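Right, one structure below, let's go through it.
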Amino acid sequence: MGRQLTVYFSLLSPWAYIGHSELRRLAEKHALTLDYRPVDLMEVFPESGGLPLGKRHPSRQAYRLVELQRWREKRGLDFHLWPRFWPFDPTRADRTICALAADKADPQKFIAGAFAAIFEQNRDIADENEIAAVLSETGYPSSWLTRATNAETATLYETNRTQALAAGVFGSPSYLLDGEIFWGQDRLDLLDDALTSNRPPFTAPD
């Protein structure tokens, strides 16, 4: 049986989008089970020392745009640096993923469809009508949208956040393998190496 990789992320994150196809390739290569756990980044940042984009120094904001272009070319993607509706409130869409995952329904197709809607198609994924459309386009019943708004799913979304912080997660995407965090889609090569070598997890020295 393959190993499990926990994926803490948000649909708000362009970096999670950029790494999604490569993550799927690694999952297939190493027979990984992907445990998708969306988190509220606006709640994670203040508790882990991070800042929302608009509060970062202008030089950091400018460098981010350069990096997006580099990775757009590297991954062979075609996306907007500033999607029309970005930033947006990802809560409902993220919780839709929570609902799917909680019921053991593979959310991968919805995740891929939602990422494309946000970053490639300039659609407003905060709009429940757009979420319903993406669900339909990717082969899921629209009833998952209702499940996304119930109390059980809201609790799961919050649990993801608390568990992420407890594990040392501070940004999206973060890939957790046997307790070792690989932060950022630009660490997927290192994750591939760890999976290939089957080495013990690295930890921070005391």
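A short reminder: the numbers here are calculations on the coordinates, not readings from a lab. Predicted model, so just to flag it, every value in this text is computed and none were measured. Every residue, glycine as well, gets a Cβ built from its backbone with ideal geometry; the counts of neighbours run over all protein chains shown.
Laid out as a table, the results:
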{"read-out": "Using distinct alpha-carbon pairs, which all enter the 1/r mean, Kirkwood radius of region 19-134 in Å", "value": "15.9"}
{"read-out": "Cα centre as origin, Lys/Arg/Asp/Glu Cβ charges: the chain dipole, Debye", "value": "380"}
{"read-out": "Residue-span extension gain [Arg24 to Glu120] - 0.36 nm each, minus C-alpha spacing", "value": "32.7 nm"}
{"read-out": "Prolate/oblate/rounded label for the chain (Cα gyration tensor, a/c 1.5)", "value": "rounded"}
{"read-out": "Ser143/Arg75 FRET efficiency (R0 25 Å; Cβ-Cβ; nearest 0.05)", "value": "0.15"}
{"read-out": "Estimated 222 nm signal from helices in the chain, with DSSP H stretches of n ≥ 4 weighted -39500 (n - 2.57), rounded to 500", "value": "-16500 deg cm²/dmol"}
{"read-out": "Difference of contour (0.36 nm per residue) and Cα-Cα distance, Ala31 to Gln163", "value": "45.1 nm"}
{"read-out": "Under 28 Å from Lys29, Cα to Cα: lysines that are on another chain or at least 8 residues apart", "value": "Lys74, Lys104, Lys109"}
{"read-out": "Share antiparallel - DSSP beta bridges, the chain, percent rounded to 5", "value": "55"}
